[in-house]
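The values are calculated or read from the model by the stated rules, or taken from the named source; none is laboratory data. The model shown is predicted, which means the values in this text are computed figures rather than measured ones. Quick reminder, even Gly has a Cβ in these numbers, built from the backbone with ideal geometry, and neighbours come from all protein chains shown.
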Amino acid sequence: MKMRVMYATRKGKMVTYAEAIGAACGCLVNDIPPAYPADKERLVLIGLSMSGDPEDRVRRFCSELTPDKAAYVALFIDGEPGGEGEEQVKEILRTAGTNVLEETYYVKCGRFNFSKKISLEERQHIVDWARKMQNWVISLNGKAPTTKTFEPAPKE
């Protein structure tokens, strides 16, 4: 499946999370704004550090992420669950026409954590989440997600 990981953060740990997903899933990893724009990506995972409203570069990028550039988007965020900034980003993506997967992965980086290191357990959790997002997109098969928590149909 064609997918990409993007991030907008100054925290090294968030970059390491993005790189871990990219290595495990065999996909491109870029910062926002990317050198090469997304083109017909089936899934884009976006990593953000949220402590309020999203940055202008994130807003612009998300508003340009139309369905011909990305069919589905999921977020992994360094911040508190249910924050207003997260909802703003999701609404910008929905307005652009992209399908937003509602399950967000929350990372605990800490306020002044400049370390790039993540534990093996943290790496495994983010990779498991990314693979779950991939499976959801495969199961949805072009349909918009209808619930907050989507579980793929059991195989018959």
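Below are the figures for this structure:
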item	result
Residue among Tyr7, Tyr17 that alone is in contact (Cβ under 8 Å) with a residue 40 or more places away in the chain and more than 16 Å from Met133 (Cα to Cα)	Tyr7
Residues being surrounded by fewer than 18 Cβ atoms within 10 Å (Cβ to Cβ), out of contact with any Gly (no Cβ under 9 Å at 6 or more places or on another chain) and within 23 Å of Pro67 (Cβ to Cβ) - total across the stretch 1-29	2
Selection within the stretch 51-72 - over 13 Å from the mean Cα position of the chain (by Cα) and either without any contact (Cβ under 8 Å) to a residue 24 or more places away in the chain or part of a loop (DSSP other than H, G, I, E, B) (or both)	Ser51, Gly52, Asp53, Pro54, Glu55, Asp56, Glu64, Thr66, Pro67, Asp68, Lys69
Residues of the stretch 44-66 satisfying the condition of being touching a Ser or Thr at 6+ places or on another chain (Cβ under 6 Å) and under 17 Å from Met3 (Cα atoms)	Leu65
Residues of the stretch 11-31 satisfying the condition of being part of a loop (DSSP other than H, G, I, E, B) and within 12 Å of the chain's Cα centre (by Cα)	none
Unmet criterion (only one of (1) more than 15 Å from Leu43 (Cβ to Cβ); (2) at pLDDT 90 or above; (3) in contact with a helix residue (DSSP H, G or I) (Cβ under 8 Å, 6 or more places away or on another chain); (4) surrounded by fewer than 19 Cβ atoms within 10 Å (Cβ to Cβ)) for Phe114	(2)
Val100 at pLDDT 95 or above and either touching a helix residue (DSSP H, G or I) at 6+ places or on another chain (Cβ under 9 Å) or not hydrophobic (A, V, I, L, M, F, W, C) (or both)	no
